[in-house]
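Written out below as structure tokens is the structure these notes cover.
The values are calculated or read from the model by the stated rules, or taken from the named source; none is laboratory data. Keep in mind that what you see is a predicted model, and the values were worked out from it rather than measured. Reconstructed Cβ throughout: ideal geometry from the backbone, glycine too, with neighbour counts over all protein chains shown. SASA here: full protein model, heavy atoms, side chains in, ligands and nucleic acids out. Shrake-Rupley method; radii C 1.70, N 1.55, O 1.52, S 1.80 Å.
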Amino acid sequence: MSLKGRDIVAINDLQLDEIEKIMDVAREMVPIAKGEKRSNLLEGKILGSLFLEPSTRTRLSFESAMHRLGGDVITIAGQEGTSLMKGETLADTVRMAEAYSDVIALRHPKEGAARLSSTFVDIPVINSGDGAGQHPTQTLLDLFTIREERGDIGNLSVTLVGDLRYGRTAHSLSLALARFGAEMTFVAPKSIQMPDHIIEDLKEIGATVTLSEDLKDSICSADVTYVTRIQKERFATEEEYYEVAGAYKIDMEILECAQSDMIIMHPLPRVDEIHYEVDTTPHAKYFVQAFNGVPTRMALLYLVLEGCQ
Ligand code: NCD
């Protein structure tokens, strides 16, 4: 098994033992990610960080990961200022990134852009979010967070709530959780429930999935509550967005029946779906989850660039 040279476009591109391996390496990376230990594991390597859609955590944690391992980064943050504005194709843009770097982290507003890009270049392409498609590296850090906080991933009851239709983090995570054997409840207004094609894939894996609109009921029995932002920018019309905006909110009242060790996660950014008073409760794990992006991406960059026996 080697991840060297591999594209990571969808979470199912990785076998379960490969995901476990990434999480094991990520754990070893934590002191380096915190700046407590120095490393030059990726000295001489360059990450091409191509973020053609807004990003805070994913881009910064990829770049921090590369720097922490002694590597270098070249970056595009937003299409403004690039030749895409002059009509250059995505194919030519990623070919240029290949000429100047050793691995590409690509975020793009269109679903399928990462898979397509990977056909134009020989260096690894890591999908860092493709429209309403997938976000496999977010899933790796989500799984790592669940494992670190709960000690296990299977045998858990996970509630995913919010924009499950357009939420690429929820798409990738649910596919992985199903393979680990977790039980899932999807809480969303009908118009933004999990897409049928994902539900079908989950059924094929043999997952136990419940669809619900009742957040309170699901929170009471959840081990993990994974909250997502309703993604205004992905709706066809503002009207459709405002029909579901603010549909679910996590506050102290709704948490009354939660198990004491239930953890709340969120890929962030949050808008209004988790009240700030929740931040100081022991349930809140979304900031440690965001930090976990660094060691997880360090592990992935190391394994796709250097491989490991
Ligand atoms: C998410 C994304 O970009 O898909 N954030 C992230 O990468 N951590 C979620 C979102 O934008 O709501």
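Which residues, taken from region 274-302, are over 11 Å from Thr225 (Cβ atoms) and not in a helix (DSSP H, G or I)?
His275, Thr281, Pro282
Quick one: would you say Asp261 is surrounded by fewer than 18 Cβ atoms within 10 Å (Cβ to Cβ), over 30 Å from Gly71 (Cβ atoms) and touching a Lys or Arg at 6+ places or on another chain (Cβ under 8 Å)?
Yes; evaluated as a whole, the condition is true for this residue.
Go through region 155-174 residue by residue and tally those that are in a loop (DSSP other than H, G, I, E, B), at pLDDT 95 or above and not basic (Lys, Arg).
6
Determine the pairs where a residue that is open to solvent by 10 Å² or more (accessible area, probe 1.4 Å) and assigned to a helix (DSSP H, G or I), located within region 132-147, has a partner that is more than 12 Å from the ligand (Cβ to nearest atom) and among the hydrophobic types (A, V, I, L, M, F, W, C) with Cβ atoms under 7 Å apart, the partner being 6 or more residues away or on another chain.
Within 7 Å, the pairs are Arg147/Met23; Arg147/Ile153.
Can you work out which of the residues in region 25-55 that are open to solvent by 50 Å² or more (accessible area, probe 1.4 Å) and within 18 Å of the chain's Cα centre (by Cα) is nearest to Leu69 (Cα to Cα)?
Only one residue tops the list, namely Arg27.
Given the conditions (1) buried (at least 24 other Cβ atoms within 10 Å of the Cβ); (2) away from the ligand (no atom under 13 Å from the Cβ); (3) charged (D, E, K, R), which single one is not true for Lys110?
All conditions pass for Lys110, except number (1).
Within the set of pairs 6 or more residues apart or between chains, which connect a residue that is on the phi > 0 side of the Ramachandran plot inside region 171-192 to a residue that is open to solvent by 20 Å² or more (accessible area, probe 1.4 Å) with Cβ atoms less than 8 Å apart?
Gly181/Asn155
Across region 212-236, which residue is nearest to Met252 (Cα to Cα) among those that are open to solvent by 80 Å² or more (accessible area, probe 1.4 Å) and out of contact with any helix residue (DSSP H, G or I) (no Cβ under 8 Å at 6 or more places or on another chain)?
That would be Asp217.
Could you list, in sequence order, all residues of region 67-89 that are open to solvent by less than 30 Å² (accessible area, probe 1.4 Å) and either within 16 Å of the ligand (Cβ to nearest atom) or within 15 Å of Val125 (Cα to Cα) (or both)?
Correct list: Gly78 only.
Within 12 Å of the ligand (Cβ to nearest atom), in contact (Cβ under 8 Å) with a residue 40 or more places away in the chain and either open to solvent by 30 Å² or more (accessible area, probe 1.4 Å) or touching a helix residue (DSSP H, G or I) at 6+ places or on another chain (Cβ under 6 Å) (or both): does that describe Pro124?
Considered against the rule, which asks whether it is within 12 Å of the ligand (Cβ to nearest atom), in contact (Cβ under 8 Å) with a residue 40 or more places away in the chain and either open to solvent by 30 Å² or more (accessible area, probe 1.4 Å) or touching a helix residue (DSSP H, G or I) at 6+ places or on another chain (Cβ under 6 Å) (or both), Pro124 comes out as no.
Six or more apart or on different chains, Cβ atoms under 9 Å: show the pairs whose first residue is in region 1-16 and closer than 16 Å to Ala105 by Cα and open to solvent by 20 Å² or more (accessible area, probe 1.4 Å) and whose second is small (Gly, Ala, Ser) and modelled with pLDDT under 95.
Lys4/Gly307; Gly5/Gly307
Evaluate the following for Val94: is it surrounded by fewer than 24 Cβ atoms within 10 Å (Cβ to Cβ) and over 19 Å from the mean Cα position of the chain (by Cα)?
No, not satisfied.
Using the structure shown, decide if Thr159 is more than 15 Å from the ligand (Cβ to nearest atom) and either of a type outside the set (A, V, I, L, M) or open to solvent by 20 Å² or more (accessible area, probe 1.4 Å) (or both). Explain how you work it out, then say what you get.
Working: more than 15 Å from the ligand (Cβ to nearest atom): yes; either of a type outside the set (A, V, I, L, M) or open to solvent by 20 Å² or more (accessible area, probe 1.4 Å) (or both): yes.
Criteria met by Thr159.
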